[in-house]
Amino acid sequence: SQTRLLIKNGKIVNENEITDGDIYIEDGVIKQLGRNLIIPGGTRTIDARGRYVMPGGIDPHTHFEFEFMGTKSVDDFYHGTKAAIAGGTTTIIDFAFPKPGESPLDAYHTYRLKADGKVCCDYGLHVCLTGWSDQVKKDMDLLCRDHGVNSFKLFMCYDFMVDDGELYSAFEHCKNLGAIAQVHAENGKIIIKNAEKLIAKGVTGPEGHEISRPEEVEAEAVNRACVIAKQVGSPLYVSNVTSDQSAEVISAYQSKGVIVYGEVEASSVAVVGQSNNPNLLTSPPIRSSPQAQTNLLSFLASDILQVTGSDNCTFNQSQKALGKNDFRKIPNGVNGVEDRMSVIWEKGVHAGIIDPSRFVAITSTNAAKIYNLFPRKGVIAVGSDADIVIWNANETRTISAKTHHQAVDFNVFEGMTCHGVPEYVIVNGRVCVDEGQLRVAEGHGRFIETPVFPPYVYDPEKYITLLTEHKNGTVEQNTQNFQKIHLEQYSCETPTFP
Ligand code: DUC
Ligand code: ZN
Ligand code: ZN
């Protein structure tokens, strides 16, 4: 372990700028930034010349040790966070999911017990709401007040889906608490009908999965969630955006002044769905059209979508085989916590669609802001946690289950060669990837409280002022500003370089 560390000569990438400079770290926190720093003797120095030095990734969507579809995901909080670090991610946010009969508050405690003592990096928790009642509402109050939770997830499909009235109530309560509502947006009722018909026709294999869940069935639910958020006046976070249609719906509601964020999974931009392969089966499905991948990256580049996650929810091939006679029983989920940074770099930055600063925004800063971890996380600034990745964009690595650090026995990115190798990963000031060598410490991660925001008020007046009237009489509607203001309320001081 290291208590003092100097990172010299790197290109420091933040979401808003790239600067040449040095970083001095002490006791897990960034203490100085700039050039010709005066530092104590005996400090370890890492030379980052020719490398990008970026905030460690934040993966806001993992399911470690998740009891789901009659089985349990195989990456637990140790393997999952170890793999995260190996790939340059230094914070994860998992989902506390209530088992049947368990309350949201109890689910939170169950997940704290699963994770504390096992995590190798810091983590936070969202809490899933699998139904709606006065008890759920009270639990939300307690979770926000005393337990460091500021986000709640609702599902519009699966057997724990909620209806529109329940979404309305939950969004409203999130708004009043200053929490954010997340949705898994797919129309569950249509999916059930489609799947029943397919099974009746003898389509029982994994190809039935995507056929039963086409893009418009996703986009319809995204639209419905946006309508409800607009009616309630609450912000909204849509997980797993997999298609143009959904992104266009999100964009349309952003133009109406609704604060709606969209998240894209690493698998959606780097894997072309092969519908006959149960191992690639996740929900919403990885789309089989290659165009979907590039389009999602363009939406991320243009700030219609803001965040990338992994939805890491891994099942071994033996578990995937539970659905060999009925695609509805194949446990849903893929890997990604380890490889998200590399595949987004390869498909986004190396391909010329996304610049390095935008890469930092979509892999780290935006998640930090949305979940109120900024500027403690998501930025290289004095006072921020020393969660840093030193990235060599000239080196490549080839992804394989043979070399990955996850517990799962296959990798959906198998064989993919990516530019961008994390040579050093610093987690709370500890060098956990050191010249490419992984050395994690089980239990060294902490639970990070995500405090609520001041209750959000939808203010159409504020939105209207964003319509700019030009001298020639035309009115320009700045569609992104409203959302920008929301994110920028929380901006820290830009690092200053002497
Ligand atoms: N989708 C998955 O594929 N797995 C876990 C939960 C989810 O929504
Ligand atoms: Zn408690
Ligand atoms: Zn998920």
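For this structure, a couple of remarks:
- Beyond 29 Å in Cα-Cα separation lie the following of the pairs K320/K369; K82/K153; K118/K189: K320/K369; K118/K189.
- Kyte-Doolittle mean at least -0.5 and Cα axial length at least 15 Å: DSSP H helices in the chain: 188-200, 215-232, 244-255, 290-301
- Segment 111-220: proportion of alpha-carbon pairs further apart than 19 angstrom, %: 56
- Taking every C-alpha pair closer than 8 Å and separated by at least 6 residues, the mean separation divided by the residue count of segment 187-279 gives a relative contact order of 30 percent.
- Overall, the accessible surface of the chain at a probe of 1.4 angstrom is composed of carbon and sulfur to the extent of 48 percent.
- Average accessible surface for segment 262-353: 28 Å² per residue, computed with a 1.4 Å probe over protein heavy atoms with every protein chain in place.
- Packing, as the average of other Cβ atoms within 10 Å across residues, places the peptides 302-308, 70-76, 91-97 in the order 91-97, 302-308, 70-76, highest first.
- Mean-position separation - Cα centroids, segment 366-407 and segment 134-206, in angstrom: 29
- Taking the DSSP beta bridges with both ends in the chain, the antiparallel portion is around 50 percent.
- Each Lys and Arg adds +1 at its Cβ and each Asp and Glu adds -1 at its Cβ; summed about the Cα centre, the chain shows a dipole of about 420 debye.
- Expressed per residue, the C-alpha convex hull volume of the chain stands at 142 Å³.
- When the Cα convex hull of segment 1-139 is projected onto planes of every orientation, the mean area is 11.2 nm².
- Only helices enter the 222 nm calculation for the chain: every DSSP H run of n ≥ 4 contributes -39,500 (n - 2.57), and dividing by all residues gives -8500 deg cm²/dmol, rounded to 500.
- Derived scalar couplings ³J(HN,Hα) [segment 356-367; Karplus, 6.51 cos²θ - 1.76 cosθ + 1.60; whole Hz; x for Gly, Pro]: x, 5, 5, 4, 4, 4, 7, 9, 8, 4, 5, 5
- Computed from the Cβ-Cβ distance with R0 of 30 Å, the FRET efficiency linking L142 to E67 stands at 0.85.
- The residues of segment 90-192 present an accessible area of 34 Å² per residue when probed at 1.4 Å with all protein chains retained.
The values are calculated or read from the model by the stated rules, or taken from the named source; none is laboratory data. Values in this document were obtained by computation on a predicted structure and should not be read as measured data. Using ideal geometry, Cβ is built from the backbone for each residue, glycine included, and neighbour counts are taken over all protein chains shown. Side chains included, ligands, DNA and RNA excluded: accessible areas come from the protein's heavy atoms. Shrake-Rupley method; radii C 1.70, N 1.55, O 1.52, S 1.80 Å.
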